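Structure record follows, encoded as structure tokens.
The values are calculated or read from the model by the stated rules, or taken from the named source; none is laboratory data. Here the structure is a predicted model, which is why all the values come from computation and not from measurement. Cβ: placed from backbone, ideal geometry, glycine included. Neighbour counts: every protein chain shown.
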Amino acid sequence: MKTELSEKLFAKAKDLFPGGVNSPVRAFKGVGGTPRFIARGKGSHIFDVDGNDYVDYVLSWGPLIVGHCHHEVMREVQDAMKDGSSFGAPSPREIQLAELVRERMPWVEKMRFCSSGTEATTAAIRVARGFTGRDDILKFDGCYHGAGDPLLVKAGSGVETLGLPDSPGVPADLARHTLTLPFNDLAAVEKLFAERGGKIAAIIVEPIVGNMGVLVPRAGYLEGLLATCRKHGALLIIDEVMTGFRVSSGGACGLYGIRPDLVTFGKVIGAGLPVGAFGGRADVMDRVAPAGPIYQAGTLSGNPMAMAAGFSSLRLMTPAAYEKLERTSAALAEGLARAAAAEKVPVQVNRVGSMLTVFFSEKPVFDAASARACNTKRFAAWYHALLEGGVYFPPSQFEAAFLSTAHTDTDVEHTLAAARTAFAAAAKV
Ligand code: PMP
């Protein structure tokens, strides 16, 4: 596979950007080698600057649930752009998207749009603290909630890939208000709240973890978190930046029947343009400025092109579209497990809807510790063989792969053929 142009660009990029990238996981640190510079995408495929064609399972890390360059999304974004790219004043497209969100997720009684998942989670934490008058928050080891200071503690994703447990630059005085526990251990949460529940403003959780690779919540876990919050007057923030509108039209809350206090969104809600949102109980959201005293703002918040992208993409996600996505995703996950077994490579394929991870582990993977125990050398060998075979998976063991409605049976067949070769390569490590 030719990679000369990517290599040349990466050399230039290293001179311009820290590590050559504008977001850490893109640098391929977890698997080694040169990241591919992507020239364009169409449907389920991306094409790099050297002309290589890949089936794309990164999809910009999740947003592109209808694939790259869907004609309807493009048309609506172009229409919005013709009317003006930003006003810094209210505009009708915000209402259109917000009404659609509330229709699919009635627990989002009021919301606020912003421009990224990080902004959404940062604001949600501030709102929870402002509303409860408490400072501590509880998050879980391996859950990533964006790059905001209070949440960069045991944070998974790029932090995990690079092996940075915390980040320099986060004041210790701030980090001490972020309590952490293992994911999927309800008894530990109940114990912590029994000791200091009165000081905890909120629990923030990825309902299905994507940022340690996919970790599935145990039956009753999310319900247990909600009950604990209720008992101690804390708020439950479900971070649906990755899962929102992806694992079902109602996100993970819809899938598991949870009615949280606050939810955060990003990714799919903006279909590849910069969007985030937070919302939930009206009495809590009415404490946000200018209705209330808790400050949050953004020059580009509710940006018309981003609103148009999100709206047109979500409108395409009909029940039939989710069913198709589920079928393709199940076929891929089952095929990957079969291919691994055929090459005698022990793996765990964790999947919920169109999010999945192939963990190189003999044992079930359900929290950060069991994910960390995976064979990352095998993952790297598998990853590079897949890439050579024209399949673009996330370049880290600790990330989720995503499918879109543009992925076809032919894409899955191609992927499984490449995966068989890739598992044979992994078996040698
Ligand atoms: N929360 C979760 C669950 C995420 O997966 C991410 C991004 N991967 C974020 C928050 C942060 O979103 P953004 O990168 O848009 O700031």
Discussion item. Looking for something among the polar types (S, T, N, Q), within 14 Å of the ligand (Cβ to nearest atom) and modelled with pLDDT under 95 - is there at least one such residue anywhere in the range 156-177?
Written reply: yes
Worksheet entry | Residues within the range 43-74 that are among the acidic types (Asp, Glu), touching a helix residue (DSSP H, G or I) at 6+ places or on another chain (Cβ under 8 Å) and more than 21 Å from Pro304 (Cβ to Cβ), tallied | 2
Response to the item:
Here the residues within the range 111-136 that are closer than 15 Å to Gly266 by Cβ and of a type in the set (D, E, K, R) are Arg112, Glu119
Worksheet item: Taking Glu195, is it among the acidic types (Asp, Glu), surrounded by 14 or more Cβ atoms within 10 Å (Cβ to Cβ), in the same structural domain as Phe131 (by TED's automatic domain parsing) and outside any strand (DSSP E or B)?
Response: no
Worksheet item: Based on what the data block shows, is Ala219 modelled with pLDDT of 95 or more and not charged (D, E, K, R)?
Response: yes
Response to the item:
Going through (1) farther than 25 Å from Gly353 by Cβ; (2) polar (S, T, N, Q); (3) away from the ligand (no atom under 16 Å from the Cβ) one by one, Ser44 fails only at (1)
Worksheet, complete the sentence: Selection over the range 387-418 where residues are crowded, with 22+ Cβ neighbours inside 10 Å and either in contact with a Phe, Trp or Tyr (Cβ under 6 Å, 6 or more places away or on another chain) or under 29 Å from Ala155 (Cα atoms) (or both) yields a count of 15
Worksheet item: Across the range 49-73, what is the total count of residues that are surrounded by 23 or more Cβ atoms within 10 Å (Cβ to Cβ), among the hydrophobic types (A, V, I, L, M, F, W, C) and within 16 Å of the ligand (Cβ to nearest atom)?
Response: 3
Practice prompt. Scan the range 263-277 and give yes if some residue there is assigned by TED's automatic domain parsing to the domain that holds Gly133, among the charged types (D, E, K, R) and over 17 Å from Gly62 (Cα atoms), otherwise no.
Written response: no
Practice prompt. Can you tell me which residue within the range 224-260, out of those that are within 11 Å of the ligand (Cβ to nearest atom) and in contact with a Gly (Cβ under 7 Å, 6 or more places away or on another chain), is nearest to Trp61 (Cα to Cα)?
Written response: Met242
Discussion item. Of everything in the range 171-184, what is surrounded by fewer than 17 Cβ atoms within 10 Å (Cβ to Cβ) and part of a loop (DSSP other than H, G, I, E, B)? Give them in sequence order.
Written reply: Pro171, Arg176, Pro182
Discussion item. Can you find, within the range 92-140, the residue that is farthest from the ligand (Cβ to nearest atom) among those that are among the aromatic types (Phe, Trp, Tyr) and more than 20 Å from the chain's Cα centre (by Cα)?
Written reply: Phe131
Discussion item. Over 27 Å from Leu255 (Cβ atoms) and acidic (Asp, Glu): is that true of Asp141 in this structure?
Written reply: no
Response to the item:
By my count, strands (runs of 3 or more DSSP E) wholly in the range 233-342 with at least 1 residues that are at positive phi are 276-280
Discussion item. If I filter the range 31-73 down to residues being touching a strand residue (DSSP E or B) at 6+ places or on another chain (Cβ under 8 Å) and acidic (Asp, Glu), which single residue comes out as farthest from Ala418 (Cα to Cα)?
Written reply: Asp48
Practice prompt. Considering only the range 99-131, state which residues are part of a helix (DSSP H, G or I), of a type outside the set (Lys, Arg) and surrounded by fewer than 21 Cβ atoms within 10 Å (Cβ to Cβ).
Written response: Glu99, Leu100, Glu103, Thr118, Gly130
Discussion item. Condition first: surrounded by 24 or more Cβ atoms within 10 Å (Cβ to Cβ) and not hydrophobic (A, V, I, L, M, F, W, C). Now tell me which residues in the range 357-373 satisfy that.
Written reply: Thr357
Fill in: The listed residue being over 16 Å from the mean Cα position of the chain (by Cα), surrounded by fewer than 20 Cβ atoms within 10 Å (Cβ to Cβ) and either hydroxyl-bearing (Ser, Thr, Tyr) or more than 16 Å from the ligand (Cβ to nearest atom) (or both), out of Ala201, Ala219
Ala219
Worksheet item: within 22 Å of Glu399 (Cα to Cα), touching a Cys at 6+ places or on another chain (Cβ under 9 Å), buried (at least 24 other Cβ atoms within 10 Å of the Cβ) and not hydroxyl-bearing (Ser, Thr, Tyr), is that true of Gly244?
Response: yes
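Yes/no per residue for (1) touching a residue at least 60 places away in the same chain (Cβ under 8 Å); (2) of a type in the set (Val, Ile, Thr); (3) within 19 Å of Val365 (Cβ to Cβ):
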position	(1), (2), (3)
Leu181	no, no, yes
Asp185	yes, no, yes
Ala194	no, no, no
Lys199	yes, no, no
Gly224	no, no, no
Ala227	no, no, no
Leu235	yes, no, no
Asp239	yes, no, no
